[in-house]
Every structure is written in structure tokens, then in C-alpha cells.
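K.L.:
Got a structure for you, written out below as C-alpha cells; questions coming shortly.
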Amino acid sequence: MPTIEDAFRAALGQHQAGRLDAAETIYRQILEVVPTHAPALHLLGVIALQSARPQEAISLIQRAVAIDSLQPGFHSNLGEAHRALGQLPEAVACYRQALTLAPDFSEAHNNLALALQIQGQFAAARDHFEQALRIVADYVEAHYNLGRLLLLQGDYQRGWQEYGWRMRMRGHPSQNMPAPEWAGEPDGQRRLLLYAEQGLGDTLQFVRYLPLVCARVPNVTTVVPRALLPILTSSGFTDLIAQDEPPPVADWQCSLASLPKVFETRADTIPATTPYLHADPRLIEKWQARLEAVEGLKVGIAWQGNPAFYSDRFRSISLAEFAPLAKVPGVRLIRLQQKGNAEAEPAESDQLQMISWDSEMDAAGNEFMDTATIMASLDLVITSDTSIAHLAGALGVPVWVALSLAPDWRWLLARDDSPWYPSMRLFRQTRLADWSDVFERTARELESRSKE
């Protein structure tokens, strides 16, 4: 008969192979026989965390810690579960306990750095990323995370190098590319395949580099999310294919997100001429007529991005936070929130008295086109850190972006403008997770603007 340890090894094998359901079944069977089996409790908690059940993960791993408190991995993964719920002080305490037990635990240094960075403790975060790399020099995730922090701090020279380590992460699309990576060499004969590896907003941000690329390599095909084909085609970009289409044979390949590194971009050399995106002229007449009938200062709003984004909890905003804007005299709010993201509760929408043309906007095959055309006739766009912010900035539309205390790397620190988008203004949190001050300041600025 198999022993408990035989069963645990079998479960661990299933877990490491990614067969979470099978592993979970065996872990639970073990716990039916030995309810105090701490490793099974811990790894069952890890599966709960991997399956987006962080509260369950906390309960399970806490039980494991109560049985065996000397395992640093238990504490570090408990910290990960707390971080997934936005419980950062609890997460930091867990990581520090893990490091007390094992000072050279590189993953705990990396995880602690991430939690500290979210709280705005940038110097301490950088120190722990560096410590993780002193322990494990080729720790891919720590290099990548350090790169994002360096870019956030404006250290573009080293930041792009560290950011490039993401391409060594498991499952990165570059690992399936048969062609070598392009490093910026000019060539009039070879074909280059560019591809979008990240989200919609990232793609909108980095397509600005295509003219620079084509000046060096005229034969370029660019693979982008299908939802962006209409707006990019309308803007004059050519040789585009969707991500679900087979790419052509190419001599080189390069990620769009690697182009800033290829062109040795610094904050003062960003190709920031806008607009580089343009709405479809055929739609302008339709939406201009609608918007001309709207009296007052016309302000488009969006509040939530892709919930799958690694720190969406801290960048997306409840619609209720926008209430101060609705109270500004003479302002009319117009919904720009993209379909497919989290929807507003009807009561909140009614309270804000938004104008919404949801049923008529951005139908399948025409994504972003109506939104772009509406933006072109607005006085202002106010949004969280979403693809809407990038779309407005690339269109040259005035846009105000509400940012977390520790925003994504592209927004830098301690400035209210963006070198990527001249028409953009940034409103930053002064306290993590507190949007009230951001929207009070935004409302005051909006009221001043409405009186102009």
C-alpha cells in the first residue's frame, strides 16, 4: 500500500506538472488521513492562490504555519496570498519572517521588494531586488522587476537592460520565434517581424516607433491584437496582421516593447510627436452631431482596466470615486469605459448621470473606432491607467490620468506630465488606495477649467 509520503510525492509531481485539480485531490486525501500534514496544507493553499482564491489560501497556509512555523516558504507564500488581497502590511510581515528564518531566501527578497514598491518605498524595494540578485545572479523575475522599478525612477539606460530579462520568463512569445532578435541593424532586404507581447495600452504606446523601424528596415510586418487593427489601419499603419493569424517567415523578430531599448530611448529622446493615431473620418460626422447637442464641458471617463493585469487592484478605480466630477457645474460626463472590463453598477451610473452610448460604440470588428472619434470631439478625458489613457494621448486629446501611489513604470515619479504624451496630465495618489484626494484635486481643476 502507498504511504502518506508516497501520496505526497505523487501530488507534488502533479502540482509541478501544472495539473492542479489532480494535485488538489491528492492533497485533500492526505489531509483526510493526516489533518496536521503541514506540507499538504501549505501546497493546497498555494493551489488556492494559483486558482485566484487568495482568502482560502490564507486560511490553509495559516494552518500550516500553526503546525510548523519554521518553514520560510510557508511564510513567503502566506505573504503572497496577503499581497493578492492588497493586504500589504500583513504581506510585508510574512516576507520579513521568511527572511528571518532564511536570510538568503531570494524569492522572499523579491516578493518583499514588490510589496514595498507598491507602498511607495522605492529605495527599500530596490535594495531587496538587488539582494535577491546577489544571491541568485540569474533570477529572471528579480531582474525584470528591478527593470520596471529603474524605469519608474527614470534610469532608462540600466532599466531597459533589466526590463529585457522578461524575455527569459517562462512562456514569453519570443521563445517560440524561429528568427533571431533584431538589435536595430539597418537592412533593405531582410524582413522583420514585430509583435505585441503585452496589453492593448502597451501596443498603442509603442507603435509610435514603427516609422523609426521602417527607416532602418523597410520590410516590416507587425502582429497586434485584433481589436487594434481598425484604429491602427485608420491611422495609416500598414503591413499589420492579427495575433490569431499565422505570421510570415521573417529574418528577424522583435517585440514592440523592446523598441525603446533598441533605440536607446531616454526620457528626453522619446518620440513624442502626437497625434500618431487618427479616428476614422467616416465616423466623425455621426459623433460630432451627437456631441454638439450636449451642452457644457464634455468630459469622457473610464475607470477600470484589464483585471488580469498584475496590479490592477491598485490602478483601477471604483466609479463612485468619480462622483466629485459630476458635481462640477456645467460638466457633462460621457462614458468611455471599454466593453469587456468590469461594468458599473446601475445605481452608480444613474447617480453620476453619465451619457452612455454603449450599445452603439465599438462593435465587434470596429473596436476603439467610435471611442476615438468621440474623444476627438470632447473637451477632456479623465481616466484611470487604462488603454483609454494611451488612446487619448496618442490621439493628442487632452487627458488627465489618475495614478496610484506607485504607478506603472511608464508614468515615472514626482511629475504631473508625461514625456510619452504631451497632452497628458497626471494626478497622483498621496496615500495608497485613497482616491478621495486625487478626485478632490481633479474636481477643483475641472471647475477652474469649466469657468474658462
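The values are calculated or read from the model by the stated rules, or taken from the named source; none is laboratory data. Remember, it's a predicted structure, so these values are computed and weren't measured experimentally. Quick reminder, even Gly has a Cβ in these numbers, built from the backbone with ideal geometry, and neighbours come from all protein chains shown. Note: accessible area is taken over every heavy atom of the protein model, side chains too, but ligands, DNA and RNA are not part of it. Shrake-Rupley method; radii C 1.70, N 1.55, O 1.52, S 1.80 Å.
K.L.:
What is the count of Lys pairs in the chain whose alpha carbons sit under 23 Å apart, if the two are 8 or more places apart or on different chains?
P.N.:
6
K.L.:
If you put +1 on each Lys and Arg Cβ and -1 on each Asp and Glu Cβ, how big is the dipole of the chain around its Cα centre, in Debye rounded to 20?
P.N.:
540 debye
K.L.:
For the range 380-452, what is the largest minus smallest coordinate of the Cα atoms on each principal axis, given in angstrom and ordered from greatest to least?
P.N.:
30, 29, 19
K.L.:
Would you mind estimating how fast the range 258-401 diffuses translationally, via Stokes-Einstein at 4 °C and 1.567 mPa s with the Kirkwood radius over Cα pairs, in µm²/s?
P.N.:
Estimated diffusion coefficient is 80 µm²/s.
K.L.:
Give me the percent of accessible area attributable to carbon and sulfur for the range 87-159, probe 1.4 angstrom.
P.N.:
Its accessible area is 49 percent carbon and sulfur atoms.
K.L.:
Quick check: at a probe of 1.4 Å, how many percent of the accessible area of the range 347-435 sits on carbon and sulfur atoms?
P.N.:
47 percent
K.L.:
Can you tell me, using C-alpha contacts under 8 Å and at least 6 residues apart, the relative contact order of the chain as a whole percent?
P.N.:
For the chain, the relative contact order is 12 percent.
K.L.:
Using a 1.4 angstrom probe and counting only protein chains, how large is the accessible area of K286 in Å², to 10?
P.N.:
Probe radius 1.4 Å; accessible area of K286 about 80 Å².
K.L.:
Taking a quarter of the surface of the convex hull around the Cα atoms of the range 163-285, what do you get in nm²?
P.N.:
So the Cα hull casts an average projection of 8.3 nm².
K.L.:
Compute the accessible area per residue over the range 98-212, keeping the other protein chains in place, probe 1.4 Å, unit Å².
P.N.:
Solvent-accessible surface per residue comes out at 43 Å².
K.L.:
State, to one decimal in nm², a quarter of the convex hull surface area for the C-alpha atoms of the range 227-297, i.e. the direction-averaged projected area.
P.N.:
Averaged projected area of the range 227-297's Cα convex hull equals 8.1 nm².
K.L.:
If you don't mind, another one. Take each of the peptides 4-11, 319-326, 227-234, average the number of other beta-carbon atoms within 10 Å over its residues, and list them starting from the highest.
P.N.:
227-234, 319-326, 4-11
K.L.:
Provide the descending list of Cα extents for the chain along its principal axes, expressed in whole angstroms.
P.N.:
The Cα atoms of the chain stretch 76, 59, 41 Å along the principal axes, largest first.
K.L.:
Assuming R0 = 41 Å, can you tell me the calculated FRET efficiency for the pair T273 and L20, based on Cβ-Cβ distance, to the nearest 0.05?
P.N.:
In this case the efficiency is close to 0.30.
K.L.:
Dividing the alpha-carbon Rg of the range 43-192 by 2.2 N^0.38 Å yields what?
P.N.:
1.23
K.L.:
Now, a different point. How large is the helix-only mean residue ellipticity at 222 nm for the chain, computed as the sum of -39500 (n - 2.57) over DSSP H runs with n ≥ 4, divided by its residue count, in deg cm²/dmol to the nearest 500?
P.N.:
Helix contribution divided over all residues of the chain: -14000 deg cm²/dmol.
K.L.:
I'd like the carbon and sulfur percentage of the solvent accessible area for the range 2-56, probe radius 1.4 Å, heavy atoms only, ligands and nucleic acids excluded.
P.N.:
Within the range 2-56, the accessible surface is 58 percent carbon and sulfur.
K.L.:
Any chance you could list the semi-axes, whole Å, largest first, of the equivalent ellipsoid that the Cα gyration tensor gives for the range 141-183, using √(5λ)?
P.N.:
Semi-axes from the Cα gyration tensor: 22, 12, 5 Å.
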